[in-house]
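The values are calculated or read from the model by the stated rules, or taken from the named source; none is laboratory data. What you see is a predicted model; the values in this text were computed from it and never measured. In this analysis, Cβ positions are derived from the backbone assuming ideal geometry, glycine residues included, and neighbour counts consider all displayed protein chains.
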C-alpha cells in the first residue's frame, strides 16, 4: 500500500509548533475507480479551516457541485505549512496564517486496483490579506463564506456537503 504522509522529522516539527492533534482513521471505498497515480508525489493533504469573523470559507470544485473546506496536496519538495498556505491562496485568494493543527485524519482509499493511505492534516487558519477570489479557476468554481454552523454541523470531513443557503 502506498502511504502519503509527512516524514517523522517534519511531523515532530509540526507537533512542537502546534502541539499533538487528535488522530483519527477512516476508510473510503472507491472500488469502481482505478488508481492511476497521475500526479507528482505528495506527502499528504492540507485541509484548511479558514475563518473570517464568524464565517468559514468553503469552496466548490469545478468537478463537483457541493462546497467543501479548501484542501490540497502538499508536494514532497514543500514544507507542509508552506504548502498549506499555497493551497489556501490558490483555492480562496486569501493569504493565511496557520494558527493550529487540529486533527490528522489517516484516510485509507480502496481503489479497484490499489490501496492508498493519505494523511489529511486539518489546520485552523486566519486571513492576513487578499480577497475572496480563487486563483486556480481551473480547479475551483467558487469560494464563499458560510455561517460557522455549516461546518460545525458537518464535522471535520465537510467533503462535498450541500450548500444549504
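Before moving on, here are some points about what is shown:
- The stretch 21-44, subset closer than 14 Å to residue 102 by Cα and surrounded by 12 or more Cβ atoms within 10 Å (Cβ to Cβ), residue modelled with the lowest pLDDT: 24
- Test: residue in the stretch 54-73 that is touching a residue at least 12 places away in the same chain (Cβ under 8 Å) and more than 21 Å from residue 132 (Cβ to Cβ): yes
- Among the candidates 88, 83, 58, the residue that is over 25 Å from residue 5 (Cβ atoms), within 12 Å of the chain's Cα centre (by Cα), crowded, with 16+ Cβ neighbours inside 10 Å and modelled with pLDDT of 90 or more is uniquely 58.
- From 98, 127, residue being in contact with a helix residue (DSSP H, G or I) (Cβ under 6 Å, 6 or more places away or on another chain) and closer than 30 Å to residue 9 by Cβ: 98
- Residue that is surrounded by the fewest Cβ atoms within 10 Å (Cβ to Cβ), among those in the stretch 61-76 that are closer than 23 Å to residue 13 by Cβ and touching a helix residue (DSSP H, G or I) at 6+ places or on another chain (Cβ under 9 Å): 75
- Residues of the stretch 91-126 that turn out to be over 22 Å from residue 30 (Cβ atoms) and either surrounded by 20 or more Cβ atoms within 10 Å (Cβ to Cβ) or out of contact with any strand residue (DSSP E or B) (no Cβ under 7 Å at 6 or more places or on another chain) (or both), as a count: 8
- Selection over the stretch 91-119 of residues that are at pLDDT below 95 and under 17 Å from residue 56 (Cβ atoms) gives a count of 2.
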